[in-house]
1. Going by a ≥ b ≥ c, the root eigenvalues of the Cα gyration tensor, does segment 1-85 fall in the rounded group (a/c under 1.5), the prolate group (a/b larger than b/c) or the oblate group?
2. Extension gain Met4-Phe155, at 0.36 nm per residue separation less the Cα-Cα distance, in nm?
3. Using a ≥ b ≥ c from the Cα gyration tensor of segment 44-88 (square roots of the eigenvalues), is it rounded, prolate or oblate, where a/c under 1.5 gives rounded and otherwise the larger of a/b and b/c decides, a/b for prolate?
4. Under a plain spin-label model, where a point goes 7 Å from the Cα along Cα-to-Cβ, how far apart in nm are Asp49 and Ala78?
5. What's the ranking of 41-52, 196-207 by average number of surrounding C-beta atoms within 10 Å, highest first?
6. Based on Cβ point charges of +1 for Lys and Arg and -1 for Asp and Glu, what charge dipole magnitude is obtained for the chain about its Cα centre, in debye rounded to the nearest 20?
7. Could you tell me which of rounded, prolate or oblate describes the chain, using a ≥ b ≥ c as the square roots of the eigenvalues of the alpha-carbon gyration tensor, with rounded for a/c under 1.5 and, failing that, prolate when a/b is larger than b/c and oblate otherwise?
8. Let me check I've understood the local charge: for Phe61, count other residues with C-beta under 11 angstrom from its C-beta, Lys and Arg +1, Asp and Glu -1. What total comes out?
Amino acid sequence: LTLMRASAEVAQRRSHDDPQQTELMQDIVLEVDHMSQLVDDLLLLSRLDANQLKMEKQPIFIPDLIEEIKRQFMPFTAERQITLVNQTSSGSALADLTRLRQVIIILLDNAIKHTLDGGIITIQSSVEGRNLRISVSDNGEGIPPQHLGHIFERFYQAESVRSSNSKGTGLGLSIAKSLVEAQEGQIRITSQPGSGTNVSINLPLWK
């Protein structure tokens, strides 16, 4: 896949006088990128299934992590005039920083895909007993009840997802669930069609 992408990029640069050829090469680059992401996702799930993914747990101050991720998403949310609100409060989770960031990025990416222009996405956190809850909620299109029970299944995509302009693999939420559970946490989702979706994860609280 890496060689295919490199070859397509070389051909794209050499075809600058042929707009049609340039467009075809760009399509190849985009498709290779999609396939590369799919392969990466499948390899990650395979390692999770085999318990071969090592977790480096450490105390993570959630407000700082969310603020960092929020800054990374600003170009995407600004383009569609989506307001991303950070309402996380004090509290640290015991988790793997890289994998927790990956989970939150997956949840935010899904929320952005299914929130209309001008919508609102809110990230909150709260301490509940010995757990720290992080929730990502939006006021987007929501998930029909018949799909809600399958949303964490691999490759499962509701009709609204398949008909959207964004091209996904149907593995994001499955990966998020596996990563959260590998960190001794839980994930749940609630949704109301036409009103939005809320995804929450519970992780061990750092004392």
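1. Numbers: a/c = 3.52, a/b = 1.46, b/c = 2.41.
Oblate, since a/c reaches 1.5 and b/c is not below a/b.
2. Numbers: separation 151, 0.36 × 151 = 54.36 nm, distance 2.48 nm.
Going from the current span to full extension adds 51.9 nm.
3. Values: a/c = 4.08, a/b = 1.82, b/c = 2.24.
Since a/c reaches 1.5 but b/c is at least a/b, the shape of segment 44-88 is classed as oblate.
4. 4.2 nm
5. Values: 41-52: 12.7, 196-207: 19.4.
Ranking the peptides 41-52, 196-207 by packing returns 196-207, 41-52.
6. Working: 20 positive and 25 negative charges, 141 e Å.
The calculated dipole for the chain is roughly 680 debye.
7. Working: a/c = 1.84, a/b = 1.53, b/c = 1.20.
Prolate shape, in that a/c is at least 1.5 and a/b is the bigger ratio.
8. Around Phe61, the charge tally is -3.
The values are calculated or read from the model by the stated rules, or taken from the named source; none is laboratory data. Here the structure is a predicted model, which is why all the values come from computation and not from measurement. We place every Cβ from the backbone using ideal geometry, glycine too, and count neighbours over all the protein chains shown. Areas reflect the complete protein model, heavy atoms only, side chains present, ligands, DNA and RNA absent. Shrake-Rupley method; radii C 1.70, N 1.55, O 1.52, S 1.80 Å.
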